[in-house]
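Asker: What follows is a single structure, and I will ask about it in a moment.
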Amino acid sequence: MEVLIVSRTRMKNGVCCGGIDLANGEFIRLHDHWGKNLTESVPFQIGDVYDLDYRTAVNCRPIPHIEDKEIMPNYRKLRQLASNEFIDEIDRLADVPNGGIETIFEGKLRRSTFATYISPEDIPQFSVCFWRPNAPLIKSGFLGKTKYWFGGSYAINYVGFHEPIEVIPAGTLLRMSLANWWSPDDITEKRCYLQLSGWFGL
C-alpha cells in the first residue's frame with residue numbers, strides 16, 4: 001500500500017509516526033512488526049510516501065486509539081510530496097472540519113485550566129484527525145513545555161519536531177491527536193490529552 005507520512009511526534013521512548021493510506025484514506029499509527037514503538041532512527045518524515053504493508057497491531061489499543069498498525073520491514077520510500085501536494089491529498093482523503101474546537105473528536109473535548117482532554121465517560125471513535133481552526137493558535141510556555149492556546153481558553157500540548165512558531169493563523173491545516181490514557185495520581189481520572197502534531201502550508 002502507498003502510505004503518506006503525516007506526522008512525526010516525540011515520545012518518552014522513541015517516536016510516533018502517523019500516516020494515511022492513499023488508497024482508502026485510513027489513518028494509521030506506525031509500529032514495528034512486533035507492535036512496538038518506533039525508534040528515532042526510523043526514516044519516516046512528514047511528506048514521504050512509502051510502499052509498505054501493514055496490519056492491525058496485535059496489541060492495538062481500544063477506542064479511541066484504533067489506528068495502531070504493525071508495519072512489515074520490507075518498506076521502501078517512493079517519493080516526497082511538496083507542501084501543496086500534501087495538502088491536496090489530505091483534502092482529497094480526509095473530512096477536515098473548519099471551525100471551532102467543538103468540530104473535532106465528535107465534540108467530546110473538555111477543558112481544564114491548562115489542558116484539553118477527553119474523559120473516559122465520553123470517548124470518540126478515533127484518536128487522530130485534521131482540523132482548520134476558525135481562530136489562531138497562540139504559543140506559550142508552561143513548565144518547560146510548549147503549548148498553544150485556542151480561543152484563549154483551550155490549551156493544547158505541542159509534540160512535533162518542527163520549531164514552534166508564535167502564531168498559527170486561523171484556517172491553517174493542523175494534525176491533531178489524543179495521547180494515551182494518563183493520570184498524574186491515583187485520585188484523578190485517566191484522560192486522553194489533546195495534542196498538536198504539526199501544521200502545514202506555512
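Asker: Expressed in nm to one decimal, what extension gain is obtained for the pair Glu106 and Asn37 from 0.36 nm per residue of sequence separation less their Cα-Cα distance? The partial results should precede the final answer.
Answerer: Numbers: separation 69, 0.36 × 69 = 24.84 nm, distance 2.72 nm.
Contour length minus Cα-Cα distance gives 22.1 nm.
Asker: Output wanted: per-residue J couplings in Hz (rounded whole) for region 117-123, from phi through Karplus 6.51 cos²θ - 1.76 cosθ + 1.60, θ = phi - 60°, x for Gly and Pro.
Answerer: 7, 10, 9, x, 7, 8, 10
Asker: Could you sort 60-71, 87-98 so that the peptide with the highest average Cβ count within 10 Å comes first and the rest follow in order?
Answerer: Details: 60-71: 17.2, 87-98: 14.7.
Sorting 60-71, 87-98 by mean packing, highest first, produces 60-71, 87-98.
Asker: Can you order the peptides 194-201, 29-36 by their average number of other Cβ atoms within 10 Å per residue, highest first? Write out the running numbers ahead of the final one.
Answerer: Values: 194-201: 20.0, 29-36: 17.5.
Per-residue Cβ counts within 10 Å, averaged per peptide and sorted highest first, yield 194-201, 29-36.
Asker: Report, to the nearest 10°, how far helix 83-93 tilts away from the longest principal axis of the Cα atoms in the chain, using its own Cα long axis and a range of 0 to 90°.
Answerer: Around 90 degrees separate the two axes.
Asker: Which peptide among 76-85, 128-137 comes first, and what is the full order, when sorted by highest mean count of other Cβ atoms within 10 Å?
Answerer: On the way: 76-85: 12.2, 128-137: 20.0.
Listed from highest to lowest mean packing, they are 128-137, 76-85.
Asker: Given all pairs of different Cα atoms, what value in angstroms does the Kirkwood hydrodynamic radius of region 82-192 take? Can you show the working numbers first?
Answerer: Numbers: mean 1/r = 0.0664 Å⁻¹.
Result for region 82-192 stands at 15.1 Å.
Asker: Here's something else I'd like to know. If each residue of separation counts as 0.36 nm, what is the full-extension length gain between Asn74 and Thr113 once their alpha-carbon separation is subtracted?
Answerer: Values: separation 39, 0.36 × 39 = 14.04 nm, distance 4.55 nm.
Extra length available between Asn74 and Thr113 comes to 9.5 nm.
Asker: Please compute the net charge surrounding Ser153, taking Lys and Arg as +1 and Asp and Glu as -1 over other residues with Cβ under 15 Å from its Cβ. Could the numbers behind the result be given before it?
Answerer: Numbers: positive: Arg110, Arg111, Lys147; negative: Glu102.
Once all neighbours under 15 Å are counted, the net charge is +2.
Asker: Suppose every Lys and Arg Cβ carries +1 and every Asp and Glu Cβ carries -1, with no other charges. What dipole size does region 134-202 come out with about its Cα centre, to the nearest 20 debye?
Answerer: 120
Asker: Please name whichever of Thr9, Ile87, Thr56 sits farthest to the positive end of the charge dipole of the chain, dipole taken about the Cα centre and charges placed at Cβ: Lys and Arg +1, Asp and Glu -1.
Answerer: About the Cα centre, the residue reaching furthest to the positive side is Thr9.
Laboratory data are not the source of any read-out in this text; all were calculated from the coordinates shown. None of the values given here were measured: they were computed from a predicted structure. Neighbour counts run over all protein chains shown; Cβ positions are idealised from the backbone, glycine included.
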